[in-house]
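A quick write-up on the structure given underneath.
Each reported figure results from applying straightforward, stated rules to the coordinates on display, with no laboratory input. Computed from a prediction, not measured in an experiment: that's the story for all the values here. Here the Cβ positions follow ideal geometry from the backbone for every residue, glycine too, while neighbour counts run over all protein chains shown.
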Amino acid sequence: MPDLYSLPGIDHATIIPRKQHNISRQAISPNALKVLYRLNKAGFTGFLVGGSVRDLLLGKSPKDFDIATDASPEEIRQIFRNSRIIGRRFKIVHVRFGREIIEVTTFRAHHEASNRIDKHVPKRKIRGLDSAHTNEGMILRDNVYGSIDEDSLRRDFTVNALYYTPNGFSVLDFNNGMQDIVNRQIRIIGDPVARYREDPVRMLRAIRFAAKLDFDIEQDTAAPIQKLGDLLLSIAPARLYDEILKLFYSGHAVKIFEMLKSSGLGQYLIAPTLESIECCPPAAAKMLHLALENTDQRIADSKSVSPHFLFAALLWPLLCRKREQAKRDNQDQRSNFLPMANQVISTQLAITAIPRRVSYASRDIWEMQWKLEHPTRRNALSTLNHTCFRAAYDFLLLREAAGEDLGRCGQWWTDFQLSDTNQQEKTLESLSNPRRRRRQRNKGRKKINPGTSRHNHKDGI
Ligand code: ATP
Ligand code: MG
């Protein structure tokens, strides 16, 4: 096992011994510990770093365990047969243990720090001095390797740059991260503007961590965000899609939504939502709020969440606004639904990517609202068996909870699901088919349709 004190860059660290912190090995994933010990055995040094150390210090259970090491990606790959190198912009090694993936990264240095790399790190570890910036300072590739102190400076926030070693069980702090944990604040490492220019997504990360940890964003870290939001325009739509999911699945979606609004960053991420929410029917705005609350609750209960539900909810205010407009223009709601839904989705696609399977499923949720509002003998069972039924039904319940008068059809579907086959048959008997209804209406006979008499609203999609 290499001596910790001979590690290049260690002289810049404040070393916090086991007695002065609360991280116990018991709370660390056994697989992460396995990786750390195997790296040590192979003559390298490995540290737990990032969110796992931060969360353990805060007494929370980490989402995942990231490791930083002085071994190069290729060396890591050789030590672990169950690993593969991913990424081009940042080379990362994924070590897989069943469903758990431990992310291992080589210490990185700043591009200008290559002199220091020569000084600190043996030549064999300086592989792939491969980096690139845009003219605006944005990092395109970042595979310059260095020492641990340099690695800490490349990280985003001080609380994310604490290193834990099972070799003596200490925490290494190069940027006063421990103090910021105590003060509960998110502070960027280095010059905020330069760091946001390097990677504008750090602004979204600042918001996410502040909401998730209930921390403040330190003044100088927060100050440039209002002005620099438009840097997000240069981020790849696929990355912004990932960030939306991380933000809204942080367990604090309601708070995140407010922070996106107040920071001005929302304009570059969920503009269609923010613009339509001001002038959509009040129940649609309320529905979105309830959907975000519901997402937070599901995360707290460790229940699954699905991106198509999230996007269906985020874009619901815009769809409702368009629907109102179409109604005012006397357009046919049903035949216009598909183009309208596609239009709504494309407004979001102008900002972020949405995988096709997600956008199609969001559209299904919307489309199924009509069927749920108007169950007929013919469509009730197929609606119930549709792959999107559960999501569409949950969506319907939230619409009702938000104050939409849907003739209590949510309750109808709740009862229908709970009924046995015989009861379902009976319920179906009492419903009429749409075609017969039309004929009856044409004959001027009185409508006999429990479905429509119960659902006497006319605002369906
Ligand atoms: P989470 O709880 O969401 O996993 P995390 O802090 O572990 O939080 P990750 O996205 O898993 O976040 O990243 C791991 C670590 O890598 C971070 O803690 C940070 O040190 C570093 N990092 C990640 N993204 C960036 C970035 N854009 N700029 C600088 N450092 C970053
Ligand atoms: Mg992490």
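Here are some notes:
- Within the chain: Cβ-based charge dipole about Cα centre, in debye rounded to nearest 20 (Lys, Arg +1; Asp, Glu -1): 2440 debye
- Length gained on full extension, Gln417 to Glu74, computed as 0.36 nm times the residue gap minus the Cα-Cα distance: 118.0 nm.
- Residue order, fewest to most beta carbons within 10 Å, for Asp191, Asp55: Asp191, Asp55
- Fewest-first ranking of Arg187, Arg321, using other Cβ atoms within 10 Å as the exposure measure: Arg321, Arg187
- On full extension, the segment bounded by Arg356 and Ser430 gains 22.8 nm, given 0.36 nm per residue less the C-alpha separation.
- For the cross-link pairs Lys34/Lys63; Lys60/Lys303; Lys63/Lys255, the C-alpha atoms of every pair lie within 29 Å.
- Per-residue extension of 0.36 nm, minus the Cα-Cα distance of Arg38 and Glu100, leaves a gain of 20.6 nm for this segment.
- For the residue pairs Lys261/Lys286; Lys261/Lys322; Lys227/Lys286; Lys246/Lys286, alpha carbon separations beyond 20 Å are given by Lys261/Lys322; Lys227/Lys286; Lys246/Lys286.
- Point-to-point label distance, Glu275-Met138, nm (Cα→Cβ direction, 7 Å offset): 2.1 nm
- Computed from the C-beta positions of Thr347 and Ser304, the FRET efficiency with R₀ = 25 Å rounds to 0.35.
- In terms of surrounding Cβ atoms within a 10 Å radius of their Cβ, Glu404, Glu103 rank from fewest to most as Glu103, Glu404.
- Virtual paramagnetic centre 7 Å along Cα→Cβ of Gln226, amide N under 15 Å, in segment 203-219: 219
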